[in-house]
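What follows is one structure encoded as structure tokens, with my remarks underneath.
The values are calculated or read from the model by the stated rules, or taken from the named source; none is laboratory data. Being a predicted model, the structure only gives us computed values, none of them experimental. All Cβ positions, glycine included, derive from the backbone under ideal geometry; neighbour counts span all protein chains shown. When the accessible area is computed, the model is the full protein with side chains, heavy atoms only, and any ligands, DNA or RNA have been set aside. Shrake-Rupley method; radii C 1.70, N 1.55, O 1.52, S 1.80 Å.
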Amino acid sequence: MQLTDFWIYALPGIFLEISAALVGTYYLKKGRLQFKNTNYLVLFLWFTVLLETLGCYAPIAYFSDYKYFAFVVGTPFENNFWLFNLYGLTNFSFFAFYFISFLKNKYWRNIFKLLIGSFIVIAGIVMTTTGSFFKEPSRFVAIVGTMLLFVGVVLFYFELLRSNILLQVKRFLPFYVSVGVLVFNLCITPIDILSQYFSVADGNELFVKLHLNVLLFANIFMYSTFIFGFIICSRKKKSY
């Protein structure tokens, strides 16, 4: 795999991330009625764009035989696992908080906030004590984070079923967000975990390419869903 191959897989995802952030910003300016956490969602999309762009340093260095970013060789930052372990923890926590913010039951909101807080603390301990922070993607963050997010989305759907918003779900932006995030993580988490056992150096280039393709199309689906939701909701006279 060459540097040009990396860009073929990376650029479409980055382009869609930027597009989703731009369309989200447009939605905020045009929307007549918004939840306060929609502002946080758009800010998080811009944060994702920044982090994904910064994270490109590691594959660029590797596939260019360290012609670029040679200063990271031999340091804990030679790989970008540390960056995306932090992002994974932030990502799961943010979206879990995002979906439970729509629950009307304060008891369940507080319970879930406690679970998210515990997840952050325990994940930090696990990554530092096992030494996985700099060396590999954290399986604990991927598995527990996905489970936490899945439960949060399910509770969010139950809340929709109990409310009148279900009749106006086409105008309800968080529904589009939930579909994109849920499908993305259910597709990516299993193959991310398996990818730790396969590498190009071990002759598993086919699996690596499969991983890249799944990641590419999962990104396309998620961010296209975000963009579609922002556009549909911004065109309505009243969105929820």
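General remarks:
- Restricting segment 116-141 to residues that are under 17 Å from Leu186 (Cα atoms) and open to solvent by 20 Å² or more (accessible area, probe 1.4 Å), the residue that is modelled with the highest pLDDT is Phe140.
- Test result for Leu166, free of Cβ contacts under 8 Å to residues at least 12 places away in the same chain, surrounded by fewer than 18 Cβ atoms within 10 Å (Cβ to Cβ) and out of contact with any Cys (no Cβ under 6 Å at 6 or more places or on another chain): yes
- Test for Lys29: is it over 17 Å from the mean Cα position of the chain (by Cα) and more than 27 Å from Lys209 (Cα to Cα): yes
- Of all the criteria given as (1) over 17 Å from Leu182 (Cα atoms); (2) at pLDDT below 95; (3) part of a helix (DSSP H, G or I); (4) open to solvent by less than 30 Å² (accessible area, probe 1.4 Å), the one not satisfied by Leu103 is (3).
- Scanning segment 71-111 for residues that are of a type outside the set (A, V, I, L, M, F, W, C) and more than 14 Å from Leu149 (Cα to Cα) yields a count of 13.
Rundown of residues vs (1) of a type in the set (Val, Ile, Thr); (2) part of a helix (DSSP H, G or I); (3) buried (at least 17 other Cβ atoms within 10 Å of the Cβ), yes/no style:
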| site | (1), (2), (3) |
| --- | --- |
| Ser19 | no, yes, yes |
| Leu22 | no, yes, no |
| Thr25 | yes, yes, no |
| Val42 | yes, yes, yes |
| Glu52 | no, yes, yes |
| Pro76 | no, no, no |
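- Only one of the numbered conditions (1) open to solvent by 80 Å² or more (accessible area, probe 1.4 Å); (2) modelled with pLDDT of 95 or more; (3) within 30 Å of Ser163 (Cβ to Cβ) is not met by Asn110, and that is (2).
- Thr75 vs. criteria among the β-branched types (Val, Ile, Thr) and closer than 27 Å to Tyr176 by Cα: no
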